[in-house]
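This report concerns only the one structure given below.
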Amino acid sequence: MSKLKVLPPTLRINNHYLVLDVKSEVELDKDDMVKCIWDACIRFWGECETSNFNLWVMRHYFVERSDDFIHYKTILRCQSGYEEKVRVGLATLTRYNYNKIAITTIGIAGTVKSAVDKFIDLE
Amino acid sequence: MKFYDLNIRGQNFNNDLKLIQEAHKFGWNHLNLNYSPDYFNKALDYKDDLLNKAFNNDNSLTKSLDADFEVSMGINISNPKNPNEVRKVVNKFRNKTQYLSCLGGDLKINRAICENNRIDVLSRPYYKRHDSGMNHVLAKLAVKNNVAIELCFRDILNQHLKYRANVIASFKEILKFHRKFQFPLILTTDTKYIYDVRSTRDIVALFKAIGFTNEEIYNGFYKYPKEILDFNKDRKNMIIQGVKVVEGATDFTEVHKKEDTTIDFDDLFEDDIEDDDIDEKFDEEYLDLEDINDLDNLDNLFEDIEGDFDE
């Protein structure tokens with residue numbers, strides 16, 4: 001299957017990258033995160049509004065396992081101008097597959113690199 | 001601006017400690033742990049230990065809390081059976097705590113709280129109701145007696161679909177009354193477990209999405225909560241409503257201090273993304289001559305873009 005040509009920069013959508021702090025009762029891989037994020041946004045904002053968000057999970061890091069939760073950090077791409085709406089949708093998620101989960105946005109960056117440099121400290 | 005959360009649900013020492021540390025991590029500046037009247041005295045006993053442990057934590061995962069961070073304790077009268085019970089608890093605990101709130105929901109209790117100027121906050125008047133639990137009569141009483149109305153983020157968090165929509169509708173209705181009658185409206189999280197903690201910016205974004213203005217959010221998280229706590233510090237000096245004893249005052253003491261209220265609400269909650277972070281530089285790897293030829297075939301739609309490429 002042939003690939004579409006990459007759009008010239010002026011026609012591309014501008015993206016920002018949200019850094020998410022994820023607390024979960026059970027282990028989550030990247031695919032689970034994708035489902036969580038889409039589920040949260042569609043549930044709160046509906047299909048029509050979520051179509052503007054241009055969501056894509058770029059990175060997913062395991063941080064630590066404590067007594068109460070497993071801690072992850074995720075970098076999520078979203079269209080610039082919709083960061084607030086995405087973070088609201090994510091903040092209202094409480095459960096995934098009957099397990100507790102809490103997603104909080106801890107930062108916004110213009111590139112994946114700066115998001116990793118500023119907010120991901122895995123020692 | 002500081003973020004006050006006047007309703008953190010206190011339960012026991014360990015849980016309270018975790019909530020304090022987590023909330024501090026996510027940007028909260030003042031936490032008020034609320035206990036039931038029965039448990040309040042027990043909580044006061046371990047308050048010093050709690051603060052010592054929270055502020056001098058050796059654990060590297062949770063950095064020691066800074067000096068700007070404050071923790072206080074208050075009472076939340078939950079599930080009062082009738083207005084008389086509310087009155088009894090208020091008489092018993094009013095002088096022992098700086099924060100006294102009562103859970104609403106029942107219309108008689110909502111009214112009894114709004115009529116009682118010794119109660120600080122009517123918490124969640126919409127609780128277990130299909131409507132907001134407020135009307136113009138209660139709103140006027142709340143203004144007269146300086147009783148704040150509290151909206152909790154947790155009610156949105158833990159409800160889904162129809163019920164969540166109902167809660168949001170109640171928030172909007174109470175906001176409408178607040179705009180007309182100007183009673184104090186405070187916003188809280190009612191955090192109970194560690195999974196309920198969200199960052200301040202997330203909560204602000206949610207209330208903005210519901211329809212609150214920057215000024216209303218500022219007042220709800222900072223101005224009114226601070227006024228309530230400051231007022232209660234002076235409450236023992238209040239002789240009657242509107243008259244208080246100023247200790248050590250002379251003829252030249254300025255009793256009323258005017259605060260500087262020039263706050264730019266437009267930019268209050270804007271994100272600071274540095275310009276050099278944003279990847280808007282021209283990316284040469286994607287530019288080839290074929291792209292330009294393709295664009296030539298489009299009916300002058302992308303003339304500006306061609307101009308950019310030619311440059």
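The values are calculated or read from the model by the stated rules, or taken from the named source; none is laboratory data. Here the structure is a predicted model, which is why all the values come from computation and not from measurement. All Cβ positions, even for glycine, are placed from backbone atoms using ideal geometry, and neighbour counts span all protein chains on display. For accessibility, only protein heavy atoms count, side chains too; no ligands or nucleic acids. Shrake-Rupley method; radii C 1.70, N 1.55, O 1.52, S 1.80 Å.
At a glance:
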read-out: Label zone at B:His136, where the point sits 7 Å out along the Cα-to-Cβ direction: region B:180-214 residues whose backbone N lies under 12 Å; value: B:180-181
read-out: Estimated dipole of region B:1-140 in Debye, rounded to 20 [Cβ of Lys and Arg +1, of Asp and Glu -1, Cα centre]; value: 680 debye
read-out: Distance violations [Cα-Cα > 25 Å] among B:Lys162/B:Lys226; B:Lys140/B:Lys176; B:Lys140/B:Lys162; value: B:Lys162/B:Lys226; B:Lys140/B:Lys162
read-out: Flagged links, alpha-carbon separation over 20 Å, of B:Lys2/B:Lys172; B:Lys180/B:Lys223; B:Lys2/B:Lys128; A:Lys23/B:Lys192; A:Lys30/B:Lys208; value: B:Lys2/B:Lys172; B:Lys2/B:Lys128; A:Lys30/B:Lys208
read-out: Dipole of chain A [Lys/Arg +1, Asp/Glu -1 at C-beta], most positive-end residue of A:Val22, A:Asn54, A:Ile103; value: A:Asn54
read-out: Two-site FRET efficiency, B:Lys2 against B:Lys236, from Cβ-Cβ distance with R₀ of 30 Å, rounded to 0.05; value: 0.75
read-out: Label point distance in nm, B:Leu268-A:His71, each placed 7 Å from Cα along Cα→Cβ; value: 3.1 nm
read-out: Partner chain coverage, peptide B:200-209 - average Cβ within 10 angstrom; value: 5
read-out: Along principal axes, Cα extents of the protein assembly as shown, largest first, whole Å; value: 84, 50, 47
read-out: Note, ³J(HN,Hα) from phi for region A:62-76, Karplus 6.51, -1.76, 1.60, rounded to Hz, x at Gly and Pro; value: 7, 9, 6, 10, 10, 5, 9, 7, 9, 9, 10, 10, 10, 10, 10
read-out: Peptides ranked, highest mean first, by Cβ atoms within 10 Å: ranges B:198-211, A:37-50; value: B:198-211, A:37-50
read-out: Shielding by other protein chains, A:108-117, mean Cβ within 10 Å; value: 3
read-out: Summed buried accessible area for A+B [probe radius 1.4 Å, Å², rounded to 100]; value: 3300 Å²
read-out: Cα principal axis extents for region B:126-201, largest first, Å; value: 38, 25, 20
read-out: Helix axis angle, A:30-50 relative to chain A longest principal axis, alpha carbon, degrees; value: 60 degrees
read-out: For the protein assembly as shown, size of Cβ-based charge dipole, Lys and Arg +1, Asp and Glu -1, in debye; value: 4580 debye
read-out: C-alpha center-to-center spacing [region B:222-256, region B:116-191] in angstrom; value: 27 Å
read-out: B:Asn12 versus B:Thr250: modelled label distance in nm, points set 7 Å from Cα along the beta carbon direction; value: 5.6 nm
read-out: Order of exposure, largest accessible area first, which applies to B:Glu173, B:Glu247 with probe 1.4 Å; value: B:Glu247, B:Glu173
read-out: Accessible surface ranking that places the most exposed of A:Arg95, B:Arg118 first, with a 1.4 angstrom probe; value: A:Arg95, B:Arg118
read-out: Accessible solvent surface per residue of chain A, calculated while the other protein chains remain in place, 1.4 angstrom probe, Å²; value: 52 Å²
read-out: Sites A:Cys48 and A:Glu27 - FRET efficiency at Förster radius 41 Å, r taken between beta-carbons, to 0.05; value: 0.80
read-out: Given charges at Cβ of Lys, Arg, Asp, Glu: the protein assembly as shown dipole, positive-most of A:Ile42, B:Ala142, B:Phe153; value: B:Ala142
read-out: Vicinal HN-Hα couplings computed from phi for region B:115-125 (Karplus, 6.51 cos²θ - 1.76 cosθ + 1.60; Hz; Gly/Pro x); value: 7, 9, 6, 8, 9, 7, 9, 8, 8, 6, x
read-out: Estimated 222 nm signal from helices in the protein assembly as shown, with DSSP H stretches of n ≥ 4 weighted -39500 (n - 2.57), rounded to 500; value: -11500 deg cm²/dmol
read-out: Per-pair calculated FRET efficiency, R0 = 51 Å: B:Asn79 and A:Lys35 via Cβ, rounded to 0.05; value: 0.85
read-out: Average beta-carbon neighbours from other chains, 10 Å sphere, peptide A:9-17; value: 4
